[in-house]
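Only one structure is covered here, and it is reproduced in the block below.
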Amino acid sequence: MLSEEFEALQSIFSDDNISLTYEKEKPIVLYKNSNPKYTIRFILQIDYPSSSPLVMYDFNNDKQLNMQRKNISNAVDEIVNQSRGEVVLFPIIEKVRELVYCGVCTNSNENYQYGEIIDENFATDDFLTKESNIALKDSSTALKIVHGATTSEQKSEFQSHVCAVNSMADVNEFKRIVLEDKKV
């Protein structure tokens, strides 16, 4: 089961460094992100996914990431507790990536105004364009939506959209807002 999950992680995160090693017969999966630089270390038991992994973080002395450590740890604990007996490496990595990339919107600046650029430095990151780093608010909802940069592949264009949701109603509202764009 672990080899299949690890192979899937390698194909999903081709730009990031995923490695699998063994220490004292325990599998160790390392996820290394390059921008911003951080590492997630999963120490797995032999019977994983029946038993939960030990998850450790190294934020390389990044002040903002270290400030988010408690939020990240709480989110990971929630995933682990809700997913007993299921594979959890991908959901954990994705949740950490979400909190790192969108943490500016949800954690570090609670008093921003919708529509303003939240962090000039964050906006220049390869992950988002300056235009896409605008926190949007539809008049009928309080959802915070971040739109990624548009990329082209052959004759198709792709764009990511990220939004923290708390209910199925939020999911439906997010979907409605995104699908208002006729190009989607």
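The values are calculated or read from the model by the stated rules, or taken from the named source; none is laboratory data. All values derive from a computational prediction rather than experimental measurement. Backbone-built Cβ (ideal geometry, glycine too); neighbour counts: all protein chains shown.
Just a few scattered comments:
- Put simply, of LYS95, LYS63 the only residue that is out of contact with any helix residue (DSSP H, G or I) (no Cβ under 7 Å at 6 or more places or on another chain) and either among the charged types (D, E, K, R) or touching a residue at least 60 places away in the same chain (Cβ under 8 Å) (or both) is LYS63.
- Of all residues in segment 159-172, those that are without any contact (Cβ under 8 Å) to a residue 12 or more places away in the chain have Cβ atoms under 9 Å from Cβ atoms of residues that are surrounded by 13 or more Cβ atoms within 10 Å (Cβ to Cβ), 6 or more apart or on another chain, in VAL171/CYS163; VAL171/VAL165.
- SER83 vs. criteria surrounded by 14 or more Cβ atoms within 10 Å (Cβ to Cβ), modelled with pLDDT under 90 and of a type in the set (Ser, Thr, Tyr): yes
- The residues of segment 1-57 that are part of a helix (DSSP H, G or I) and either free of Cβ contacts under 8 Å to residues at least 24 places away in the same chain or among the aromatic types (Phe, Trp, Tyr) (or both), listed by number, are SER3, GLU4, PHE6, GLU7, GLN10, SER11.
Residues checked against (1) modelled with pLDDT under 80; (2) not in a loop (DSSP other than H, G, I, E, B):
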residue	(1), (2)
LYS95	no, yes
TYR112	yes, no
PHE122	yes, yes
SER140	yes, no
